[in-house]
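Comments concern the structure below.
The values are calculated or read from the model by the stated rules, or taken from the named source; none is laboratory data. In this text the structure is predicted, and so the values were computed from the model without any measurement. We place every Cβ from the backbone using ideal geometry, glycine too, and count neighbours over all the protein chains shown.
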Amino acid sequence: MNLITGVVLNITPDHLDRYKSFEYYINSKLSLYQYCQYSVVNLDEPLIPKQTNVKYFGINIPKKANDFGTVTCHNICYLLKGDNTLMSIDEVQLIGEHNTKNILAALALGDQINLPISSMIQSIKNFKALEHRLEWVAKKQNIDYYNDSKATNSISTIIAIQALMYKHQNIVLILGGIAKKEDYTLLFKFINKRIIGVVLIGQSTHQFSQEFNTNTFIYANTMQEAVNFARSMITV
């Protein structure tokens, strides 16, 4: 018997150039659950309604024996299923709270279709970041380079920066492309507070440059030029 299960990880304003409104986008994402016999639901996501035949996950301690979550003890975060400790987050090669949530979602999905917990844990320990998703690229002259070009909206960019802040104090951001129909207020407030320098590239550089309250940004015409500028702005 085939089991159909699915999860909506989160809902944030995105792809609004292709949808009439944010409400249409929400309904489009949530339509996934119509086709699921069993659902996996993020307890930390307020826009996802309650489902039947559900397994839950969230960043806090699980409330039920079959749900997934975390607990922090002596400054170490552990993944849990119910009251059972599965592994330390320090054993994971990915960084950031968003990746912890992704792992919990994967565990819940696998558990929903009866995959062995031990096999999933070993796969998690071996898993490395995918290309363009907060992907560590190289370390040169004591500077770490990351490729997060899949962060195409403000929320995902903020989350990526927050993840990097766990390991790095000084961050220079290469930012650009084509602006979408979304509110960038929170993103630029965050950048102005947390980022020591920004390199702008792409079609919307002029629009983005109006949002900075400092002069710590520079324009680049090519990605190679952007990387060179970023390296010159970083302090190690």
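A compact table of results
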item	result
Unique residue being out of contact with any strand residue (DSSP E or B) (no Cβ under 6 Å at 6 or more places or on another chain) and modelled with pLDDT under 85 when the list is Lys189, Lys180	Lys180
Number of the condition not met by Asp148 [criteria: (1) surrounded by fewer than 18 Cβ atoms within 10 Å (Cβ to Cβ); (2) within 18 Å of the chain's Cα centre (by Cα)]	(1)
Qualifying positions in region 20-73 - basic (Lys, Arg) and within 16 Å of Val8 (Cα to Cα)	Lys29, Lys50, Lys55
Val137 being aliphatic (A, V, I, L, M), more than 21 Å from Asn221 (Cα to Cα) and in contact with a strand residue (DSSP E or B) (Cβ under 7 Å, 6 or more places away or on another chain)	yes
Qualifying residue in region 84-91 (condition: within 26 Å of Lys167 (Cα to Cα), hydroxyl-bearing (Ser, Thr, Tyr), in contact with a strand residue (DSSP E or B) (Cβ under 7 Å, 6 or more places away or on another chain) and in contact (Cβ under 8 Å) with a residue 24 or more places away in the chain)	no
Pairs, first farther than 28 Å from Thr235 by Cβ in region 119-144, second among the small types (Gly, Ala, Ser), C-beta under 8 Å, six or more apart	Met120/Ala106; Met120/Gly110; Ile124/Ala106
Set Lys81, Lys63, Lys140, Lys125: member being among the basic types (Lys, Arg) and closer than 30 Å to Ala230 by Cβ	Lys140
